[in-house]
Structures are given as structure tokens and as C-alpha cells.
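Participant: The structure is given below, and queries will be raised subsequently.
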Amino acid sequence: MTVDPLISLSTAGSVLDAAALCLIALAFAGTVVRTLSTSIALLAAQGLVLSIASGAAALAEMEWRSWGAFAVALAVKAIFIPLMLWRILDRMPVRQEPPGFLSVKLAVPLAAALIPISYRAIEPFTADTIGAFNATNALPAALALLLLGLFTMVTRKKALSQVVGLVTMENGLYLAAVAATRGLPFAVEFGVAVDVLAGVAVMGLVIHEIMRVTGSTDVDRLRTLTG
Amino acid sequence: MSPEHAAILMLLTLPVLAALLQLVVPGREAIERVALVCAAATLVLGLAIAVLVARDGSQEAFRGIIHLDALSALMIATISVLGFCGVTASVPYIRHDLEIGHVPGGMRGVRFYYAGLSVFIWSMLVTVSVDNLGLLWVGLEATTIVSALLVGFYRTRAALEAAWKYLMLCTVGIVCALFGVLLTYYAARQGSGGHDSISMDWTRMIADAETLDSGIMRLAFVFVLVGFGAKAGFAPLHTWLADAHSQAPSPISGMLSGVLLACALYAIVRYQALTDRAAGNEFASHFLIGFGVLSILVSVPFILLQRDLKRLFAYSSVEHVGLMAVAFGIGGPLGVTAGLLHLMGHAAAKGMVFFVSGDLVQRYGSRRMSVIRGAVSVAPLSGWLLVAGVLALTGAPPAAIFISEMTMFSAGFQQGWTEMAAVSIVIAALAIIFAGLLMQAMRVGFGPEPPALVAHGNHRASPYLVLAVAPLVAIILLFGIYVPGEVRTLIDAAQISLTAGGG
């Protein structure tokens, strides 16, 4: 059975393009804010924007695979992961990110610099890699999310912020999958989502135990094992 | 359903059923019985399926989702053997820890341990059985998640630190690898001219790997190598490895070192075969040799100056993963054969030393080698096996690793200058490691023993430990003298499927 697409590929491409820009802004904001509840809210917003992007792709493709990917993105990235992080935060005594390994004056311009770097790095590929949707911002945004997520992970001290960075990285890959390859096979997409969800759950468990044993979730205190 | 399908279905469902059972059956003995029966059944099924693949060729099940070629069969056999030995070695180990109150949560902890171990074995079996490269990623990430729980099993500060580092480094790595998977998928899509129903099945992709875009495939390989390489323990991404492998309960350490690292390497080798065909042999090969040599060199000082028994073996794993990477990097029929033989020889030897060092660590109540002295008089079986295991790991004849290392060296000298130079460096490093490991093992085995342990201790080994190490000793010796026909057939078939057509 074939259903006529509700929107054209190019409309979906424009939605993807706008979503990509939104995601860059959200991820960048994530590297600036220091309140943990705000960074979780920003991560939830990323998830929502991603589901809008994959929803647009689904409307244009009208395949059950794309609708499945949309449902999974919405459930996992916009709802379950933020909820889980929220529950961990609820049990934490300190909800503010302590001063990181880099001062704010240094960290913000460094993070900002990652965005043009991503555009430059992807340039040689954009000519034929944009895929059917012709969303020029999607791949640079994917790389930017990957780098900004990694940046969050290495500069932050709170274990929870590192999980936020990790999920940001994975969001970047999801965007690349939707834009460049028009999505992975559904079984793979589903498996990846389950893994990410289980991963965040286990990380939450370990954070909880670390908090119980050491009374803190600052990962820079975890330095007893060497050699 | 044909009996072959039934066997594959059982192999891939039994461990999960066992895990569920272990959560509900009453009492420690019942849990152990379920674990042992399931491990034995998995062992029989795994070996039977390997023999089946050796005799009748690749097997497919579940509409091609599961595709067992020779390489998968070798991995399944290795995982099911080490899985059986790991479960068996767990019985005395966990009993002891439960007795002295080291198992967090008591009986609940025991349930959690055995269920976790079953799921861990299951996730590795699935990883090496699926044909789809995306699902291979999913399986490998699942092994990280499950094993991280087992690494943090003791819930002490150090164990949690190790689990956290392991989760973070390997997950970041595997996210990079996912980018590589995407690029590979994209390369296939480009190659087929934008066709919609592109297969991510390795068997399909390898058949027309020449059509993959070579530039994208190279980029994909780099991401996959770095990503899965973090999990395989390549330097400089190995920093989590010694922590995780030393903090985990010893039977788990043996599984992590023996087979989990090999599973990550298995994934890399599959991508190497695709990259070789799409972009020429040299590219992937040089990267692998580079990471391999670096890992071996980095492990040298940590082995020489090590004070912690389990960390010693963890760094030895970094060395051996490096050796396997060099072997697969050299490639060709001889190189791949050496890599596969080494993978199995190392799994057996490393499993054995971790299982017996678990026994020793419990007897001495410490992992420090300044405390663990005179092991051959305190616990004759574990002590002697530890010394023998270290000899096997250093590649002394007649152990299996001797054969694989010799094969690797001759493979290297048959290739170009790069391979020859790499092998020469490796041989020099191996000589130093040999001296270092042997010196450490001699002190542990024959140093002055603590009088209290000799006078009052129970010197007898648990029958479960004997049962756990006996198959491993047999494999180490057997493979060093004569590789059984079925294994030889599987290695040849795997070697042909990985290298043929690569030029």
C-alpha cells in the first residue's frame, strides 16, 4: 500500500534544516548553563526538536519504518531519558555544576568555535552527501552536536552533566542518520534506542551508588585507581 | 523447524531463560544449579554449532538475521567454552565472598551476579551471531552496559570508579563507532546509486564491497577502529581497562579479558575486510599495526612495575590485544590464521590465570603481589597453574600462544618493510615482557610464604575450580601441539572469507 506523502521532500528538508540550527543552539546553550535542571530541560528540548525532524521525514516518506523511528525518538529522547535524568537529579544534594576544569571565559568561546569548525570539516562532503532531503545544515549540525557533547563531557565535573554530554553526542548521530541516509533500518534504530535508554539507566544506577558511597557526584574525586 | 535451527534458537535463548530463572529460584544452591546446567548446555550447543558450521558451511536462521559463518562459529565456540568455565569458577568464588560478607545485598547480590553473568554471555553470543552491522553495534553496546554492572558488583568506591570510567570511555568510543556504522551504510547507499532497500548485512556487503565508496569507507573504518578499539583496549584508549578488569569479580575479569575484548576485535576485523576490498589492503592494515604496536609498547612498563596481581594480567591483556591487532593488520592467510589462533589461545590462558588468581586473592585477602607470595605451597593447584598460565601467556612452548606468535612473525617477515619493522619491534618488546612477567610470577609462586597461611590454611582447591580450569589447560596444550580438524577447517574458512578478493 502506498500513501501519498503529505509534504514534499523539499519541505521536509527545510524542516530538517531549521531543526538542525535549533539543535546547534540548544547544544551550545547546554555547554554554557550551570544549573543541572536547565541542562536536562535543554536536553529534553533537543529530543523534541529531533522528533519533529524525524516526524517531518516520516510525513514526506510515508513508510512505516520512518513512523517507527519517529515514535522511538519521541518516546526515548524527548520523554524517557529526560525523565530518568530528572529522577536522578531529584536525589542529588547539589544541583549546581561546580566551576569546571576551564573558566567560563575560556569555555564559552572554545565551545562556540566548535560550530564553524564543524561546518568547515563537513564542507568537502556536503556536495553529494546531503541525501534526499537537501538539508545543508544537517550534517554540520550533527558533527557540532558530537563535538559539543564531547566538550561537555570533558569539561564538566558532575557525573550527570557527562551523561547529558553523551546523549547530546548520540543525538548528533541520530540527526545524521535521518538526514544523510534517510534513517537506518528500523530494527537497528530500535536497538540503538533501547541501548541508549539502558545505558542511561545503568549510568543512573552507578551515579546513585557513587553518591551513596562518596557523598558526592563530582567525578574529579574518582581518582584512586592508577598504575 | 530443522534441528540446526532449533539448536541456534536454543543457544540464543537459553542464557536469558537461565537469567530469569536465577532471579526466582529459592536458595543459593538452586541458583548455582541453574547456572551450571545452563552453562553446560550452552557449551554443548556452542560446540555442536561450531562443528556443524565446520562440516556443512554457514548456517542461517530467523530469515537471515542470524548468519553463522566460520568466524562467528569460532567466536561462539570460544565464548561458550569460556562462559562455561567462568560460571563454574564463579561457584566457589561467590560462595567464599558470601561467607565473609563481601557480596553486597547478600542473597540478592548472588542472584544479581548469576543473572548478570548469564545475560553477559548471551549478549556476547548475540553480538557474534548477527549478520547486520547495525545490530552488531547494538550487541556490542549491550555487552558494555551489562558488564559495567558486573564491574561495579562490589559497590565499593574503587569498583564504582572503575565501572564509571568503563561506561564513559567505552560509550563515547561506541558513539564514534556508530558514526562509522552510519558512514558504512551511507557508502553502501552511494555505491548502489541511492537505491532504497540497502542491506546492512555483512554477507551481502562483502559480496559487493568493491562498489563501496572508498573515501567514505576509509573514514568509516577510522571511526569504527577508534570506537570499537576503545572497547578492545587499544592504547591510548586503554586507561579504563586495568581498573575494570581488576575491580570486577575475578571470574568476570577472566571473561572480560578473554572474550569481551575479542568481541570488539571481531567487529573491527569485519569492517577491515570491507575496507580492504573498498579501499585497498594497506589502509586498514597500517592503522591496525600502528595501534597494535603502540598497545604492546605501552603495556611494557606497566607490566614490569606492577604491584597488583589482577592489574598485571589486565595490562597483559592490552599487550595481547595489541598482538592480535598486529596479526590481523599483517593480514593475508598467515596473518589472519595467527590472529584467530592467538585469540583462542589467549582466551584460554587469560581465563585460567584470572580464575586461579581469584582463588589466590581470596586466600591471601589482598591483590598486592608483595602479599601474595609462596602460592605453590599455600594453594598448590592455583599456585602451579598461575605459574604455568603466565608461561603460556608469554608464549613459551608448548602453549598455543607460542604457535600463534611464531605464525605471526613468519607472516610479518613475508610482507613488506612496514610489517617487518613492526614485527621486529614486537619481538623486542615480547622479550622484555617475558622476563618481566616471569619474574613477577616466580615471586608470587615461589617467594617466602606467610607462615600463618601455610600452617592453618586449607590447601585443597575447590573441585569447581578444577572443573573450570581443566578444559582451559587442555585447550592451551592441545592447540600448542595439534589444532583439531574442525578448528582448522573453521580457521581456513574464516581466513578465506576475510582475505579473498582483497588482492
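Participant: What is the residue count in the range A:60-74 for residues that are surrounded by fewer than 18 Cβ atoms within 10 Å (Cβ to Cβ), in contact (Cβ under 8 Å) with a residue 12 or more places away in the chain and of a type in the set (A, V, I, L, M)?
Facilitator: So the answer is 1.
Participant: Name the one entry in A:L6, A:L114, A:L21, A:L89 that is more than 21 Å from A:A193 (Cα to Cα) and assigned to a loop (DSSP other than H, G, I, E, B). Steps first, answer last, please.
Facilitator: Details: A:L114 fails: assigned to a loop (DSSP other than H, G, I, E, B); A:L21 fails: assigned to a loop (DSSP other than H, G, I, E, B); A:L89 fails: assigned to a loop (DSSP other than H, G, I, E, B).
When all the criteria are applied, what remains is A:L6.
Participant: Does B:G290 satisfy the condition of being modelled with pLDDT of 95 or more, assigned to a helix (DSSP H, G or I), of a type in the set (G, A, S) and touching a helix residue (DSSP H, G or I) at 6+ places or on another chain (Cβ under 7 Å)? Steps first, please.
Facilitator: On the way: modelled with pLDDT of 95 or more: yes; assigned to a helix (DSSP H, G or I): yes; of a type in the set (G, A, S): yes; touching a helix residue (DSSP H, G or I) at 6+ places or on another chain (Cβ under 7 Å): no.
The answer is no for B:G290.
Participant: Return the residue satisfying two criteria in turn: it lies in the range B:97-114 and is within 26 Å of the chain's Cα centre (by Cα) and surrounded by fewer than 24 Cβ atoms within 10 Å (Cβ to Cβ), and of such residues it is farthest from B:T143 (Cα to Cα). Give the derivation first.
Facilitator: As a first pass, look at the range B:97-114 and keep what is within 26 Å of the chain's Cα centre (by Cα): B:97, B:103, B:109-114.
Then keep just the ones that are surrounded by fewer than 24 Cβ atoms within 10 Å (Cβ to Cβ); that gives B:97, B:103, B:109-112.
Numbers: B:D97: 25, B:V103: 22, B:G109: 20, B:V110: 20, B:R111: 19, B:F112: 16 Å.
Looking at the filtered set, the residue picked out is B:D97.
Participant: Is it the case that the range B:447-455 has a residue that's β-branched (V, I, T), modelled with pLDDT of 90 or more, in contact with a helix residue (DSSP H, G or I) (Cβ under 7 Å, 6 or more places away or on another chain) and in a helix (DSSP H, G or I)?
Facilitator: For the range B:447-455, residues β-branched (V, I, T), modelled with pLDDT of 90 or more, in contact with a helix residue (DSSP H, G or I) (Cβ under 7 Å, 6 or more places away or on another chain) and in a helix (DSSP H, G or I): absent.
Participant: Let me ask another. Mind listing whichever residues of the range B:355-372 are surrounded by fewer than 19 Cβ atoms within 10 Å (Cβ to Cβ), touching a residue at least 24 places away in the same chain (Cβ under 8 Å) and part of a loop (DSSP other than H, G, I, E, B)?
Facilitator: If the condition is that a residue be surrounded by fewer than 19 Cβ atoms within 10 Å (Cβ to Cβ), touching a residue at least 24 places away in the same chain (Cβ under 8 Å) and part of a loop (DSSP other than H, G, I, E, B), then B:S370, B:V371 are the ones that fit.
Participant: Of all residues in the range A:191-227, which are buried (at least 22 other Cβ atoms within 10 Å of the Cβ) and of a type in the set (S, T, Y)?
Facilitator: A:T217
Participant: Exactly one condition in (1) modelled with pLDDT under 90; (2) surrounded by fewer than 24 Cβ atoms within 10 Å (Cβ to Cβ); (3) hydrophobic (A, V, I, L, M, F, W, C) is false for A:A57; which is it?
Facilitator: Answer for A:A57: the failing condition is (2).
Participant: Consider A:L225 against the criteria (1) at the interface with chain B (Cβ under 7 Å from one of its Cβ atoms); (2) out of contact with any Phe, Trp or Tyr (no Cβ under 7 Å at 6 or more places or on another chain); (3) part of a helix (DSSP H, G or I); (4) of a type in the set (A, V, I, L, M): it satisfies all of them except one. Which criterion is unmet?
Facilitator: (3)
Participant: Within the range A:84-109, can you find the residues that are at pLDDT 85 or above and loosely packed, with under 12 Cβ neighbours inside 10 Å?
Facilitator: Passing the criteria: A:R87, A:D90, A:P109.
Participant: Check off (1) within 14 Å of chain A (Cβ to nearest Cβ); (2) over 16 Å from the mean Cα position of the chain (by Cα) for B:R55 and give me the number that stays unchecked.
Facilitator: Single failed check for B:R55: (1).
Participant: Here is a further query. Among the residues in the range A:156-172, are any of a type in the set (A, V, I, L, M, F, W, C) and more than 11 Å from every other protein chain (Cβ to nearest Cβ)?
Facilitator: Just the residues of the range A:156-172 that are of a type in the set (A, V, I, L, M, F, W, C), to begin with: A:159-160, A:163-164, A:166-167, A:169.
Imposing the further condition that a residue be more than 11 Å from every other protein chain (Cβ to nearest Cβ) reduces the set to A:160, A:164.
Yes, there is a match, as at least one residue in the range A:156-172 is of a type in the set (A, V, I, L, M, F, W, C) and more than 11 Å from every other protein chain (Cβ to nearest Cβ).
Participant: Sticking with this one: Just for the range B:117-155: of the residues that are touching a Pro at 6+ places or on another chain (Cβ under 6 Å) and outside any helix (DSSP H, G or I), which one is nearest to the other protein chains (Cβ to nearest Cβ)?
Facilitator: We begin by selecting, within the range B:117-155, every residue touching a Pro at 6+ places or on another chain (Cβ under 6 Å); these are B:118, B:121-122, B:153, B:155.
Checking the rest, the ones that are also outside any helix (DSSP H, G or I) come to B:153, B:155.
Values: B:F153: 11, B:R155: 6 Å.
Checked the range B:117-155; the qualifying residue nearest to the other protein chains (Cβ to nearest Cβ) is B:R155.
Participant: Test B:L430 against the criterion of being assigned to a helix (DSSP H, G or I) and at pLDDT below 95, and give yes or no.
Facilitator: Values: assigned to a helix (DSSP H, G or I): yes; at pLDDT below 95: no.
So B:L430 does not fit the description; no.
Participant: Within the range A:200-219, track down each residue that is more than 7 Å from chain B (Cβ to nearest Cβ), over 14 Å from A:K157 (Cα atoms) and part of a helix (DSSP H, G or I).
Facilitator: A:V200, A:A201, A:G204, A:L205, A:H208, A:R212
Participant: Taking the criterion of being in contact with a helix residue (DSSP H, G or I) (Cβ under 6 Å, 6 or more places away or on another chain), over 29 Å from B:V151 (Cβ atoms) and of a type outside the set (D, E, K, R), would at least one residue in the range B:69-81 satisfy it?
Facilitator: Yes, the range B:69-81 contains a residue that is in contact with a helix residue (DSSP H, G or I) (Cβ under 6 Å, 6 or more places away or on another chain), over 29 Å from B:V151 (Cβ atoms) and of a type outside the set (D, E, K, R).
Participant: For residues that are within 14 Å of another protein chain (Cβ to nearest Cβ) and among the hydrophobic types (A, V, I, L, M, F, W, C), scanning just the range B:314-327, find the one that is nearest to A:L225 (Cα to Cα).
Facilitator: First pass over the range B:314-327, keeping only residues within 14 Å of another protein chain (Cβ to nearest Cβ): B:314-315, B:318.
Next cut, among the hydrophobic types (A, V, I, L, M, F, W, C) only: B:314, B:318.
Working: B:A314: 13, B:V318: 17 Å.
The extreme case among them is B:A314.
Participant: Restricting the search to the range B:285-304, which residues are touching a His at 6+ places or on another chain (Cβ under 9 Å) and surrounded by fewer than 21 Cβ atoms within 10 Å (Cβ to Cβ)?
Facilitator: If the condition is that a residue be touching a His at 6+ places or on another chain (Cβ under 9 Å) and surrounded by fewer than 21 Cβ atoms within 10 Å (Cβ to Cβ), then B:V298 is the only one that fits.
The values are calculated or read from the model by the stated rules, or taken from the named source; none is laboratory data. The structure presented is a predicted model; accordingly, all values stated were derived computationally and were not measured. In this analysis, Cβ positions are derived from the backbone assuming ideal geometry, glycine residues included, and neighbour counts consider all displayed protein chains.
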